[in-house]
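S.K.: Take a look at this one; I'll ask things after.
The values are calculated or read from the model by the stated rules, or taken from the named source; none is laboratory data. Given the structure is predicted, the values throughout are model-derived calculations rather than measurements. Ideal geometry is used to build each Cβ from the backbone, glycine not excepted, and the neighbour counts take in all protein chains shown. We work out accessible area using only protein heavy atoms, side chains counted, and drop any ligands, DNA or RNA first. Shrake-Rupley method; radii C 1.70, N 1.55, O 1.52, S 1.80 Å.
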Amino acid sequence: MSVAAGPRFDLDDSFARELVGLHEPWEPVPVAEPSLLVLNEALAAELGLDVEVLRSAEGVAVLAGNAVPAGVTTVAQAYAGHQFGGYSPRLGDGRALLLGEFVDDDGTRRDLHLKGSGRTPFARGGDGRAAVGPMLREYLISEAMHALGIPTTRALAVVATGEPIIREVEGRHAHVPGAVLARVASSHLRVGTFQYAAATGDPELLRTLTDYAIARHAPAAVDAANVPLELFESVVAAQAALVAQWMAVGFIHGVMNTDNTTISGETIDYGPCAFMDAYDPATVFSSIDHGGRYAYGNQPAIMTWNLARLAEAMLPLFDDDTDDAIELATGVLQTFPERFQRAWSIEMHAKLGLDALDSDELIGDLLALMGEQHVDYTSGLRSLSAVLRGDAEAARSLFAEPDAFDAWSERWIAELDADHAALADRMDRANPLYIPRNHLVEEALAAATAGDLGPFDQLLDVVTNPFDERSGLEPYAQPAPGDFGLGYQTFCGT
């Protein structure tokens with residue numbers, strides 16, 4: 001293992017220093033032939049990194065885990081978690097490492113984290129590696145989410161390892177090309193991190209973790225009468241807003257375990273995620289979600305459940321009296337449905353060009369109609385602006401029985417301001433034309449796995465500019481072919 005010198009990878013390691021007991025010091029396992037597949041130059045610039053250095057042999061070595069930045073302790077983070085409702089007391093980074101934190105001039109920290117960097121003490125029988133397809137998937141979807149304005153971890157790079165790994169492909173084991181993802185996040189603190197700290201029985205560790213989380217994510221909480229409770233409320237608020245944004249764009253996380261619920265309110269873990277095609281609250285894509293626990297329509301309720309687990313972990317910090325602590329936590333948790341509903345309502349009113357936030361019934365009626373007639377969610381909402389420009393045919397053609405849409409449309413237009421052209425323009429800034437449609441994602445990842453990055457690069461370019469219509473990109477705005485959706489599944493990518 002070599003060490004990368006100099007300020008080119010100037011990282012701090014506050015997590016490793018301050019949270020002893022919540023990690024295992026560990027080093028990445030070098031790979032055979034690292035080669036850069038994709039580099040996020042815009043993100044690199046935000047972080048103050050030199051793109052040419054990142055593309056150099058030295059830079060690629062760090063991004064692949066063949067070298068570590070000088071002066072930091074790389075660690076595998078420890079956390080617990082409820083996975084599909086069942087509690088696992090020891091999860092942690094089984095194939096990932098925290099390299100350290102970038103620190104902005106204002107003191108803001110962002111983690112640099114490797115995924116697929118080799119087995120750790122938390123590996124639980126896995127090989128510690130990752131495949132090209134799932135790592136490019138995370139890169140693609142997380143950058144699409146960022147372009148949509150949704151809080152998310154981001155991908156800095158994907159590096160091919162030059163080493164094949166064994167994964168199940170179409171029901172059989174096969175060799176696929178390996179890769180390492182370099183991920184950036186405002187932190188990797190999770191509900192599961194607090195669950196792990198609480199389970200140690202060490203109240204000082206739990207308090208230290210809470211103080212650390214406040215410093216990174218809720219600094220204003222230090223002035224509150226009950227500082228830990230204020231942190232909890234900030235997480236409730238952030239997650240309510242996040243899930244509302246997921247629902248507004250038709251995003252399905254697919255694996256909303258407590259170890260995938262961040263304290264920051266960022267979306268994390270893009271394994272079996274997908275965007276909904278035809279509107280249906282029961283939509284499930286994840287191959288491991290057999291009971292539909294994490295279906296599209298269940299996401300607000302599941303997040304409430306996850307936050308209740310955070311409250312349980314933090315309970316001793318809220319009040320020395322358990323009954324009083326439960327009452328305080330419950331009072332905050334009970335605000336989630338109202339926070340979510342308001343945030344979702346704001347999102348949906350913007351999508352329909354409605355100003356007054358009193359049209360939830362009108363919104364609900366449209367969604368019900370889209371569900372009954374199996375209308376593509378993204379296309380259905382985007383087509384509404386054309387109605388205001390005098391062309392209703394694009395929207396009507398999506399409905400098997402357009403008369404029902406016409407009746408709804410009359411009610412909708414009666415609620416709008418007179419300046420329809422301006423409204424249409426505003427709606428086009430709220431309704432994406434291009435999303436990572438599942439059939440296009442699968443085509444791009446299959447080609448990339450076979451060595452052709454062209455379709456991936458093109459799709460990435462399209463979905464990172466999701467609102468502006470561009471000539472020649474019509475296929476990227478079309479719903480999936482009729483024979484695609486039946487039985488489509490996504491996988492966790494492990």
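S.K.: If you scan the stretch 387-412, which residues turn out to be aliphatic (A, V, I, L, M), outside any loop (DSSP other than H, G, I, E, B) and loosely packed, with under 13 Cβ neighbours inside 10 Å?
M.R.: Restricting attention to the stretch 387-412, the residues satisfying the condition of being aliphatic (A, V, I, L, M) are 387-388, 392, 394-395, 398, 400, 404, 407.
Remaining after also requiring outside any loop (DSSP other than H, G, I, E, B): 387-388, 394-395, 404, 407.
Result: ALA407, single match.
S.K.: Condition test on ALA174, is it in contact with a strand residue (DSSP E or B) (Cβ under 7 Å, 6 or more places away or on another chain), over 23 Å from SER142 (Cα atoms) and either outside any loop (DSSP other than H, G, I, E, B) or open to solvent by 10 Å² or more (accessible area, probe 1.4 Å) (or both)?
M.R.: yes
S.K.: If ALA444 satisfies every condition in (1) of a type in the set (A, V, I, L, M); (2) part of a helix (DSSP H, G or I); (3) touching a Pro at 6+ places or on another chain (Cβ under 9 Å); (4) open to solvent by 30 Å² or more (accessible area, probe 1.4 Å) but one, which is the exception?
M.R.: The number of the failed condition is (4).
S.K.: Hey, another quick one. Please go through (1) in a loop (DSSP other than H, G, I, E, B); (2) surrounded by fewer than 16 Cβ atoms within 10 Å (Cβ to Cβ) for ALA430 and return the number of the only condition it doesn't satisfy.
M.R.: The number of the failed condition is (2).
S.K.: Please name all residue pairs, on different chains or six or more residues apart, with Cβ atoms under 7 Å, provided the first residue is in the stretch 333-349 and is farther than 16 Å from GLU233 by Cα and the second residue is of a type in the set (A, V, I, L, M) and part of a helix (DSSP H, G or I).
M.R.: Every condition considered, the pairs that remain are TRP344/ALA244; TRP344/MET247; TRP344/ALA248; GLU347/ALA244; GLU347/ALA248; MET348/ALA248; MET348/ILE363.
S.K.: Restricting to the stretch 184-213, name every residue that is polar (S, T, N, Q), under 21 Å from PHE122 (Cα atoms) and surrounded by fewer than 22 Cβ atoms within 10 Å (Cβ to Cβ).
M.R.: THR200
S.K.: I've got another one for you. Looking at (1) touching a residue at least 60 places away in the same chain (Cβ under 8 Å); (2) crowded, with 23+ Cβ neighbours inside 10 Å, which one does ALA76 not meet, given that it meets all the others?
M.R.: For ALA76, the failing item is (1).
S.K.: Give all pairs with beta carbons closer than 8 Å in which a residue from the stretch 355-370 that is at negative phi and modelled with pLDDT of 95 or more meets a residue that is in a helix (DSSP H, G or I) and hydroxyl-bearing (Ser, Thr, Tyr); count only pairs at least 6 apart in sequence or on separate chains.
M.R.: Listed by first residue and then by second, the contacts come to ILE363/SER345; MET370/TYR377.
S.K.: Oh, and also: How about the stretch 249-271: which of its residues are assigned to a loop (DSSP other than H, G, I, E, B), among the hydrophobic types (A, V, I, L, M, F, W, C) and open to solvent by 10 Å² or more (accessible area, probe 1.4 Å)?
M.R.: Within the stretch 249-271, VAL255 is the sole residue that qualifies.
S.K.: Do we find a residue being in a helix (DSSP H, G or I), in contact with a helix residue (DSSP H, G or I) (Cβ under 6 Å, 6 or more places away or on another chain), open to solvent by less than 40 Å² (accessible area, probe 1.4 Å) and in contact (Cβ under 8 Å) with a residue 12 or more places away in the chain anywhere in the stretch 472-493?
M.R.: no
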